[in-house]
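**Q** Attaching a single structure in structure tokens format; questions to follow.
The values are calculated or read from the model by the stated rules, or taken from the named source; none is laboratory data. Every value quoted in this text rests on a predicted model; they were computed, and no experiment measured them. Every residue, glycine as well, gets a Cβ built from its backbone with ideal geometry; the counts of neighbours run over all protein chains shown. Surface areas here come from the heavy atoms of the whole protein model, side chains and all, with no ligands, DNA or RNA. Shrake-Rupley method; radii C 1.70, N 1.55, O 1.52, S 1.80 Å.
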Amino acid sequence: MDKSIEKFYIETFGCQMNEFDSERIGYLLETCGYLRTNDLNSAKIILINTCSVREKADNKLYGHLGNLKSLKINNPDILICVGGCTAQSLKEKIIKEFPYIDIVFGTKNIKNLPDLIKKRRQTNKSICETEILKNYDSEIFNFKRTFKFKAYLPITIGCNNYCSYCIVPQVRGEEMSMPINLIIKKVENLISEGVCEITLLGQNVNSYGKDLKSPENFAKLLDNLSKIKGLKRIRFVTSHPKDFSKKIISVIKQNSNIMRHIHLPLQAGSNKILKLMNRKYTREDYMNLYHSIKSELPDCSITTDIIVGFPGENEEDFCRTLDLVKNLRFDRAFTFIYSKRKGTVAEKIPDNVTLNIKKQWFKELVELQNLISLEQNKKMVGLKFEVLVEGFSNKKDGQLKGRLENNTVVNFNGDKELIGKLVPVKIKDAKSFYLSGEL
Ligand code: 5AD
Ligand code: SF4
């Protein structure tokens, strides 16, 4: 191999949108002649795609950047590049704190990365480029897939919802939808390349299309996509309850290739807290939506996100969340302790509850939900499902891992040739977070 070819290494933190952005970075750099490596020590360019949704993610990044310092001291030729949401939020501050960082690039500056790398090599001065551009990036659909058989596809980027705790609208900018014909064309392309499952991405996929010159809606997009020949599975995340229309439910019902799984963040069960969070729905609205989905799509799994310890939340508010969790019986919940983010509205709301109490509430909620998840998973024991085989299991050596229509993970014995195929699996046993089965 040509020794002059520089290798790059990407590390990704955070959500699927970041994973997708890393696929774009990979594509761009490979197109420019760089070679991807999974070995940090052989890389000449190290890229870190960061998440800043909670403080924990920021701290993880600082630790990580600290570790990279010795690598840079031993090999001053390597370039360390920091992108993603923390880069967008902290900008030059990252270089001030970690002067050995070569490039800081924002969430809307990925396209310029090859130029920034060249510039950095020529000028020998750290660079920070984080300007948020308003127009949508026509190259957004150029990416190098991690998997052959499945792909993420953003249909909107950015967010206009301004939930009071959330930093995403600041770091990802205003919501922008991709034109419907571009999405359809891209999906057709992906299918011709052997993809059978597409996951549509957006902070609030349900508001898709409102910003387009000739407005579109998510139900129509979903319906159009489901008619594309060869598209076996369509998924989408994330759904905001305030924009989830009855039409979307009926489109899912009419099309068997739209997977029966809806991630529907609740965030809190108390109307007082939902209002403070600026979520724009009540507990009752959420319950009605939940029951409409379940009555039209009885085999649809519903998962959720919940924040515990939001400023102003008291014992009574927390009990309302617990009560809703007990009643609705989510298949799975991602629970978080509230984390104060700079520049958000919630930053200014007085917070009188101690971290200890928040941790107790958190534990109580997690324990309750784990029991419910286990009960929900047990209902599938003895039944047979179609499973997309995704790779090797991380639980048991030699086993395969696949996903049911309802997004539950199942591990089972099988040949690696099955990876990327749809196979029938009978469920034998259930845990809170995954199932075991048999081909
Ligand atoms: N603190 C805690 N959790 C948060 N989330 C978003 N912002 C914060 C925050 N400041 C959670 C929400 C969201 C998920 C992706 O992360 O529950 O749905
Ligand atoms: Fe953040 Fe709310 Fe937008 Fe989700 S919908 S990204 S929680 S502001």
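**Q** What does the extension gain come out to for LYS93 and GLU315, with contour length at 0.36 nm per residue minus their alpha carbon separation?
**A** Numbers: separation 222, 0.36 × 222 = 79.92 nm, distance 3.83 nm.
Here the segment from LYS93 to GLU315 would lengthen by 76.1 nm.
**Q** Before anything else, pin down the relative contact order of the range 21-159: Cα pairs under 8 Å, at least 6 apart, normalised by residue count, whole percent.
**A** Relative contact order comes out at 26 percent.
**Q** Suppose R0 equals 22 Å; then what is the FRET efficiency for SER256 and LYS384 from their Cβ-Cβ distance, rounded to the nearest 0.05?
**A** 0.85
**Q** When each pair of different Cα atoms in the chain is counted once in the 1/r mean, what is the Kirkwood radius in angstroms, to one decimal?
**A** 23.3 Å
**Q** Say the dipole of the range 150-376 comes from +1 at the beta carbon of Lys and Arg and -1 at that of Asp and Glu; which of ALA268, ASN352, ASN161 then lies farthest toward its positive end?
**A** Checked the options; the winner is ASN161.
**Q** When the chain is treated as a GNM, springs tying every alpha-carbon pair under 10 Å, which of SER52, SER373, SER393 comes out with the largest mean-square fluctuation?
**A** Looking only at SER52, SER373, SER393, the largest GNM fluctuation is found for SER393.
**Q** To the nearest 20 debye, what charge dipole does the range 1-67 have about its Cα centre, counting +1 at the Cβ of each Lys and Arg and -1 at the Cβ of each Asp and Glu? Let's see the in-between values first.
**A** Values: 8 positive and 10 negative charges, 26 e Å.
Result for the range 1-67 is approximately 120 debye, rounded to the nearest 20.
**Q** Accessible area of TYR34, 1.4 Å probe, to the nearest 10 Å²?
**A** 40 Å²
**Q** Please identify which residues in the range 291-318 have an amide N closer than 15 Å to a label point set 7 Å out from the Cα of ILE337, following the Cα→Cβ vector.
**A** Only 307-311 pass the distance filter.
**Q** THR123 label point, 7 Å along Cα→Cβ, cut-off 16 Å on backbone N: hits in the range 66-86?
**A** Answer for this model: 80-82.
**Q** Now, a different point. Modelled label-to-label distance, ASN59 and ASN370, 7 Å Cα→beta-carbon offset: nm?
**A** 2.1 nm
**Q** Take LEU35 and ASN74, extend 7 Å from each Cα along the Cα→Cβ direction, and tell me the distance between the two endpoints in nm.
**A** That separation, rounded to one decimal, is 2.1 nm.
**Q** Between GLU347 and LYS326, what length in nm is gained on full extension when 0.36 nm per residue of separation is reduced by their alpha carbon distance?
**A** Full extension from GLU347 to LYS326 adds 4.6 nm.
**Q** How large a share of the accessible area of the chain, in percent, is made up of carbon and sulfur atoms when the probe is 1.4 Å and the other protein chains stay in place?
**A** Using a 1.4 Å probe with all protein chains present, the chain comes out at 50 percent carbon and sulfur.
**Q** Find the accessible area per residue for the range 120-228; the probe is 1.4 Å, ligands and nucleic acids are left out, and the unit is Å². Don't skip to the answer; put the middle values down first.
**A** On the way: 4980 Å² over 109 residues.
Spelled out: the 1.4 Å probe surface of the range 120-228, per residue, equals 46 Å².
**Q** Going down the list LYS384/LYS421; LYS7/LYS186; LYS91/LYS118, which pairs span over 24 Å between their C-alpha atoms? Each step should come with its number before you reach the end.
**A** Numbers: LYS384/LYS421 16 Å; LYS7/LYS186 28 Å; LYS91/LYS118 20 Å.
Those over the limit are LYS7/LYS186.
**Q** Leaving out ligands, DNA and RNA but keeping every protein chain, what accessible area does ASP223 have, in Å² rounded to the nearest 10, with a 1.4 Å probe?
**A** Its heavy atoms expose roughly 40 Å² to the probe.
**Q** Also, quick follow-up: Can you give me the long-range amide H partners of ILE127? Hydrogens built in the peptide plane at 1.01 Å from N, cutoff under 5 Å, separation of 5 or more residues or another chain.
**A** Those lying under 5 Å, H to H, from ILE127 are ILE103, VAL104.
**Q** Over what distance in Å are the Cα centres of the range 327-350 and the range 77-114 separated?
**A** Taking the Cα centre of the range 77-114 as reference, the centre of the range 327-350 is 27 Å away.
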